[in-house]
Structures are given as C-alpha cells and as structure tokens.
Amino acid sequence: MKFFRGTLRILPTILTAFLLALVVWVAAVTSTDPNEEITYTNPVPIHILGQDPDLVITSETPEEVTVTIKAPRSIHTQLSSNPNLIQATVNLSGMAAGQHTLSPEVTVALRPAKVVRISPAVLEYTLEKLTTRAIDVTLRLSGSLPISYEAGEAVLGSPSVTLTGPESLVNAVTQVVANIDLTNVTTSISRTVELRAIDSRGVIVSGVNLSPSQTPVEIPIKQMGGYRNVFVKIVTSGTIARGYYLTGLAANPPNITIYASDPEVAKNMPAFIETAPVSLNGAQISFETPAQLNLPDGITVVGDQNVVVQVSITAIESSIQLAAIPVEIINLPAGFKAEISPAVIDVYISGPLVAIEKMTAADVKATLDLSQKSVGTYQLIPVITLTNPNLRIDSILPGTIEVVISR
C-alpha cells in the first residue's frame, strides 16, 4: 500500500518529465527535418477505378492532377526521386450513363505526409454506352478516266463494316466510304483502301473504331472498242550543220489516242503513228515545231491532240592553244616606264568546234592594267579578251606577269 501511495505521489513528476522529453525530441526532429509544403510540378496520372466495361468516357476530362503536399523534407526527397509513391484515383463504381462530378483522391505511400491541395479539385465525367452497329461501305469515285476508257463494276472485299464506340458517335455516322481517284487511270485497279466514317456533313467522325478499317477494291478498266493508244514516231529529213550534234528528239505528247469506226482497223494497225518529216537541214540551235501526223485511212485522232516535236542540238566542243600572245601594257602613269617578264603568254581556249576552227591570235588580246601603280615590282594577272563570246578561256601560261615600274 505504501508503495502505491509513493508511486502516486511521484506520478505527476514522471509525466511532466516525459512530456518535457517529448517536446525536446519533437523540437530536435523538427529542426533537423522541418516540414515543408511543396507543389509538385510533375502532374500525377489519374487511375480510373470501377468503370463499367459497357460504358466509355466521352468527355475531355483532364487525365492528370497537380498536388501540393505538406511533409518533412526527407519525405519530399523520397517522393521527388520516386513519383510512383503518389497515386491519384477516381472511382466510377456504380456510375451509370450520364454526367458525373467527382473529386479525385490522392494517396501518398510515405508517412507523415498530408495532401494540402489537388488541382483540379473537381472533375466532370460524361459516360456513354458503348455500342456497335453494322453499316455498308460506300465506294466514292473521283476524277475522270482518260478518253476512250471505261470502268466496269467495282468489287469490294469488305462490303460492310462494324462500328464500335460511344453511342452518340456511332449514331452520328451516316456513311463509311472508300475513296478511289480515277484520274488518268488506264489499267484495272486492285488495291487496299482505307475506310473513313463520316457524318451527314461529310466530316470524318473520330473516336469510332471500324472493323475492318481497310477493304480490298477491284475495278476493271478497259479501253472501248475502236480506240487505241499509240506512240508518236518522229520522222526527220536532212542533217544538222557541221560541228553540231543531235542530243534529243521528243514528241509532245509522246502518245496519242486514235479511233477507227471499224475496231479491227484499230486493232491491226502498228503501235505508232509517224509524223511528216521534220527538217533538220543546217540547224545549229535547238528548236520546236508543230508536226503533222500521217494517219492511215479510217483513223482519226481523238480530241485536240496537236503534236509538237522538240529538237535538241548542241555544238561539238573542241580546244586550241594559241602560243606567244603579246601582252599589252595599258594605263601606265605619265613619266613612268615598265618592263614585263615574260612579254608573251600561251592561252588555252575551248568552245564550239566551228568557232575554234576559225580562231587566230588576232582574236585574243592580253593586257596588263597599270593604273594607280607607282615605282616598284608587281606580280599581276593579265586580262584576256576574246572576240567571240561563245569561247571560254581554260588557262594561261604563265598565270602571272612580273612588272617592274621605274621613272
């Protein structure tokens, strides 16, 4: 009994000592690991829980939140190095189709930590029923086949598709189309085409899954009877001028479409139509000229297909060395005299053969311009002038002339 009375008498003292020790410990911990309130710049992804598999989210709701957490500095250090310790969730359990306003929940895997703020704090979700619908594929043809060609009946590998998605989007689809451009097509089409779901305005409806998303398309293309494509064969007469050569002959258009009232005539004719002779007599430059076609009896050209023949001509190149061309001094200031070494140079010239064959030393002029030069020794490059602008200078030897100017 005396023991218990003694214990009761000193109990307040023990409790006081404990509280003082606790205060001291808390103060020590707080001073070394202070609490800090930090907003994390890296957004936290939102995990959706409990969503009915027959429903789909159609609203443009944020998929991340930004959080502000109050915790000791050591906790923040761990959270910064491992963002997965912070989790954000939204629970859609039991939610039916319609609009719902929910608050995200954020949990921190470390203690002690307090979530002070979540942004956004409220999220709006629209849930719609996930539905499917079958719809026929519509083939849309654009462009025009060339004259004389016709398209047969198209065959779709997948004449219908299944749409899957939110009910409102699936119901908005009025057509699923496969687009084919027939512009300048002359052979049968066999290709796989992407399918597009569109609404009544012709706008693509996104967010709807198509199965299949592609379809093979076969369209037979053939040329109608009596028509035929042939190439233009250019016939020439005469020869181009000496010193030139022919670099090209081309017809524009290179192919034409012909028609015969008797299909056998068109079928049995050669695969080409000749032009009337195009004269090359003495030609020295490229040119183009209209060309008449020598059409067999019973054959006509379809449409306005005028043929132009393009003739490309280039000069044959050659070169020449002209030796001992005298160098002329010009613009020497009054009262001065100049000595040059060497006084003559060799010039190498190239260009069209016909011009090279007529070239003489008189057609080359070499000058040294000494204007604004005073007494001294200079290394100067002579200026070469040619009387024929179609020729070009390849090199001169020597490349520089020594000039000594004195009084």
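The values are calculated or read from the model by the stated rules, or taken from the named source; none is laboratory data. Since the structure is predicted, the reported quantities are computational estimates derived from the model, not experimental observations. With ideal geometry, Cβ positions are generated from the backbone for all residues, glycine too; neighbour counts draw on all protein chains shown.
On the basis of being farther than 24 Å from GLU317 by Cα, touching a Lys or Arg at 6+ places or on another chain (Cβ under 8 Å) and among the basic types (Lys, Arg), does LYS373 make the cut?
Details: farther than 24 Å from GLU317 by Cα: yes; touching a Lys or Arg at 6+ places or on another chain (Cβ under 8 Å): no; among the basic types (Lys, Arg): yes.
No, not satisfied.
Taken together, ARG191, ARG201 contain a single residue that is loosely packed, with under 14 Cβ neighbours inside 10 Å, without any contact (Cβ under 8 Å) to a residue 12 or more places away in the chain and charged (D, E, K, R), which is ARG201.
Output the residue which, of all residues in region 385-407 that are assigned to a strand (DSSP E or B) and free of Cβ contacts under 8 Å to residues at least 40 places away in the same chain, is farthest from VAL327 (Cα to Cα). By that ranking, first place goes to LEU386.
Taken over region 96-147, the criterion of being in contact with a Gly (Cβ under 8 Å, 6 or more places away or on another chain) and within 19 Å of ASP52 (Cβ to Cβ) is satisfied by THR126, LEU127, LEU130, THR131. If you check GLY298, GLY303, which single one turns out to be out of contact with any strand residue (DSSP E or B) (no Cβ under 9 Å at 6 or more places or on another chain) and either assigned by TED's automatic domain parsing to the domain that holds PRO389 or farther than 30 Å from ASP394 by Cα (or both)? When all the criteria are applied, what remains is GLY298. Select from region 255-304 the residues that are of a type outside the set (S, T, N, Q), under 30 Å from PRO352 (Cβ atoms) and loosely packed, with under 15 Cβ neighbours inside 10 Å and list them in ascending order. Result: PRO277, GLY282, ILE285, PHE287, GLU288, PRO290.
The selection criterion, being hydrophobic (A, V, I, L, M, F, W, C), part of a loop (DSSP other than H, G, I, E, B) and over 14 Å from VAL309 (Cβ atoms), does not hold for ALA266. Scanning region 81-113 for residues that are surrounded by 13 or more Cβ atoms within 10 Å (Cβ to Cβ) and without any contact (Cβ under 8 Å) to a residue 40 or more places away in the chain yields LEU85, HIS100, LEU102, GLU105, VAL108, LEU110.
When the residues of region 380-389 are narrowed to those that are surrounded by 10 or more Cβ atoms within 10 Å (Cβ to Cβ) and not hydroxyl-bearing (Ser, Thr, Tyr), which ends up nearest to LYS337 (Cα to Cα)? That would be LEU380. In contact (Cβ under 8 Å) with a residue 24 or more places away in the chain, within 12 Å of GLU218 (Cβ to Cβ) and either β-branched (Val, Ile, Thr) or surrounded by fewer than 13 Cβ atoms within 10 Å (Cβ to Cβ) (or both): is that true of SER142 in this structure? Considered against the rule, which asks whether it is in contact (Cβ under 8 Å) with a residue 24 or more places away in the chain, within 12 Å of GLU218 (Cβ to Cβ) and either β-branched (Val, Ile, Thr) or surrounded by fewer than 13 Cβ atoms within 10 Å (Cβ to Cβ) (or both), SER142 comes out as no. Within the bounds of region 223-245, is there any residue that is within 32 Å of the chain's Cα centre (by Cα), of a type outside the set (Ser, Thr, Tyr) and at pLDDT below 95? Looking through region 223-245, none of the residues is within 32 Å of the chain's Cα centre (by Cα), of a type outside the set (Ser, Thr, Tyr) and at pLDDT below 95.
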